[in-house]
Amino acid sequence: MDSQLSGGFLKHTLYPPSNFIPSSITLSNGVNVSHNAIGVVEITPPMADKAIVISSGIHGDETAPIELVDDLVSSVLDEAFVPTSRLLFIIAHPDAIHAHTRFIEENLNRLFAGVNPRRNKECEMANELQAQVQSFFEKGSEEHWHFDLHSAIRASQHYMFGVVPASSKATDIRPLVNFLKASHMDAVMLSRTPSSTFSWFSAEKFGALAATFEMGRVARLYENNMEEFVPLRDALVALMCGKALPAPSATKGFSNYKVTRTITKTDAAFNLAFSDDAANFTYFAEGAQLAEENGTVYSAIAGGEAVVFPNSKVAIGQRAALLVQPFEPDLSKPLYVNVERDPGPVALS
């Protein structure tokens, strides 16, 4: 085993040596493990049918995803399973993990739209992660996937859900929806506008089946109940090993939402009309006031809307809330998440 990883991927990421040098080993099962950078491990089996990125730590206080990624890397090193996919595992932001905060200077998950000026560590980190993902995907022509794992900072009507970014690619996301169901997620939310998140980067630039996963609530490192995420882990292992996905949950339903609008904060005078700690997917009836900014009032549209990720304290120019409505996609047809179009069978490319 790589001596750098003998104490665990997470431990090495949090306490790396000052003289880190990329290294590579081949396990007895023929799987190659490359420690490309601090917080980046690449797995290459002799034959691969998919290329899958599993990232965590984009926000340092969202620790269940970090523990899950550490566990998966340890399982590969211990040869507990043999992947049939190329894998790129990421634990992204050790400084923010140590500080138990989302970020140090700037929200890392808003910096994946291209090369950033080197104004802070988050910008440098985003540049490095984009380069790592680009190199990884460009090594082969397999089907591309990216799961960017997060935890919510607030309560939610749906404890675990996936957010699928909108892109201009003609990528049928039905396999991704099936994976969410096999993971016993509670819901999927389909976007409409481009963003600069890590999952959007992979979807837009490489046509990846990509989503941001919200895994429960934030907690201190090693204070998560990881039993809650066993179905997700089982589904990830099945996908990575080319096996049939687990069956959807027999005890809970699965909800589909589409984004109707994004509310962007454009001035310091922006205010939400409800508490900042309102649970994700809180519903507001038609006509209910949602936000106000310098005389502009946002009210729920016909049919009502639910609010997701409300935050009046974001920086000016950033998203202050997503508004969504439930819908039922026709899964007998391709499902595209198009930029500025209702989710459905139309794609821009």
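The values are calculated or read from the model by the stated rules, or taken from the named source; none is laboratory data. Fair warning: this is a prediction, and the values are worked out from it, not measured in the lab. FYI the Cβ positions are ideal-geometry reconstructions off the backbone, even for glycines, and counts take in every protein chain you see. Calculation scope for accessible area: heavy atoms of the full protein, side chains included, ligands and nucleic acids excluded. Shrake-Rupley method; radii C 1.70, N 1.55, O 1.52, S 1.80 Å.
Which residue pairs have Cβ atoms closer than 7 Å, lie 6 or more positions apart in sequence or on different chains, and pair a first residue in segment 11-30 that is assigned by the TED database to the domain that holds Ile66 and in contact (Cβ under 8 Å) with a residue 60 or more places away in the chain with a second residue that is of a type outside the set (Ser, Thr, Tyr) and in a helix (DSSP H, G or I)?
Within 7 Å, the pairs are Thr13/Pro94; Leu14/Pro94; Leu14/Ile97; Leu14/His98.
Give just the number: which of (1) loosely packed, with under 14 Cβ neighbours inside 10 Å; (2) at pLDDT 95 or above does Tyr283 not satisfy?
Of (1) loosely packed, with under 14 Cβ neighbours inside 10 Å; (2) at pLDDT 95 or above, only one is false for Tyr283: (1).
Which pairs do you get when a residue that is in contact (Cβ under 8 Å) with a residue 40 or more places away in the chain, found in segment 232-248, comes within reach of a residue that is aromatic (Phe, Trp, Tyr) and open to solvent by 30 Å² or more (accessible area, probe 1.4 Å), reach meaning Cβ atoms under 7 angstrom, with the pair 6+ apart or on two chains?
Listed pairs, sorted by first residue: Pro248/Phe254.
For segment 40-73, name all the residues that are in contact with a helix residue (DSSP H, G or I) (Cβ under 7 Å, 6 or more places away or on another chain) and among the small types (Gly, Ala, Ser).
Selection gives Ala51, Ser55, Ser56, Gly57, Gly60, Ala64.
Of Ser195, Ser255, which residue is within 21 Å of Leu322 (Cβ to Cβ), of a type outside the set (Phe, Trp, Tyr), open to solvent by 30 Å² or more (accessible area, probe 1.4 Å) and modelled with pLDDT of 95 or more?
Numbers: Ser195 fails: modelled with pLDDT of 95 or more.
Result: Ser255 is the single residue among Ser195, Ser255 that is within 21 Å of Leu322 (Cβ to Cβ), of a type outside the set (Phe, Trp, Tyr), open to solvent by 30 Å² or more (accessible area, probe 1.4 Å) and modelled with pLDDT of 95 or more.
How many residues are open to solvent by 20 Å² or more (accessible area, probe 1.4 Å), without any contact (Cβ under 8 Å) to a residue 60 or more places away in the chain and closer than 30 Å to Arg154 by Cα if we restrict to segment 55-105?
Selection size over segment 55-105: 7.
Please determine whether any residue of segment 301-317 is hydroxyl-bearing (Ser, Thr, Tyr), part of a strand (DSSP E or B) and either over 16 Å from Met189 (Cβ atoms) or open to solvent by less than 50 Å² (accessible area, probe 1.4 Å) (or both). Explain how you work it out, then say what you get.
Going through segment 301-317, the residues hydroxyl-bearing (Ser, Thr, Tyr) turn out to be 312.
Those still in the list that are part of a strand (DSSP E or B) too: none.
No, there is no match, as no residue in segment 301-317 is hydroxyl-bearing (Ser, Thr, Tyr), part of a strand (DSSP E or B) and either over 16 Å from Met189 (Cβ atoms) or open to solvent by less than 50 Å² (accessible area, probe 1.4 Å) (or both).
Which of the residues belonging to segment 261-271 are open to solvent by 30 Å² or more (accessible area, probe 1.4 Å), of a type outside the set (Lys, Arg) and touching a strand residue (DSSP E or B) at 6+ places or on another chain (Cβ under 7 Å)? Before the answer, list the steps.
Filtering segment 261-271 down to residues open to solvent by 30 Å² or more (accessible area, probe 1.4 Å) leaves 261-262, 264, 266-269, 271.
Still in the list and also of a type outside the set (Lys, Arg): 262, 264, 266-269, 271.
Thr262, Thr264, Thr266, Asp267, Ala269, Asn271 - these are the residues of segment 261-271 that are open to solvent by 30 Å² or more (accessible area, probe 1.4 Å), of a type outside the set (Lys, Arg) and touching a strand residue (DSSP E or B) at 6+ places or on another chain (Cβ under 7 Å).
Look through Ala321, Ala347 and report the one residue that is within 22 Å of the chain's Cα centre (by Cα) and either modelled with pLDDT under 90 or under 27 Å from Asn107 (Cα atoms) (or both). Let's see the steps before the verdict.
Details: Ala347 fails: within 22 Å of the chain's Cα centre (by Cα).
Selected residue: Ala321, the only one of Ala321, Ala347 that is within 22 Å of the chain's Cα centre (by Cα) and either modelled with pLDDT under 90 or under 27 Å from Asn107 (Cα atoms) (or both).
Taking Ala219 and the conditions (1) hydrophobic (A, V, I, L, M, F, W, C); (2) touching a Ser or Thr at 6+ places or on another chain (Cβ under 7 Å); (3) crowded, with 17+ Cβ neighbours inside 10 Å, which numbered condition does it fall short on, given that it satisfies the others?
(3)
List pairs: first in segment 199-210 and free of Cβ contacts under 8 Å to residues at least 60 places away in the same chain, second among the acidic types (Asp, Glu) and open to solvent by less than 10 Å² (accessible area, probe 1.4 Å), Cβ under 6 Å, 6+ apart or cross-chain?
Here the result reads Ser199/Asp148, each pair linking segment 199-210 to a residue that is among the acidic types (Asp, Glu) and open to solvent by less than 10 Å² (accessible area, probe 1.4 Å).
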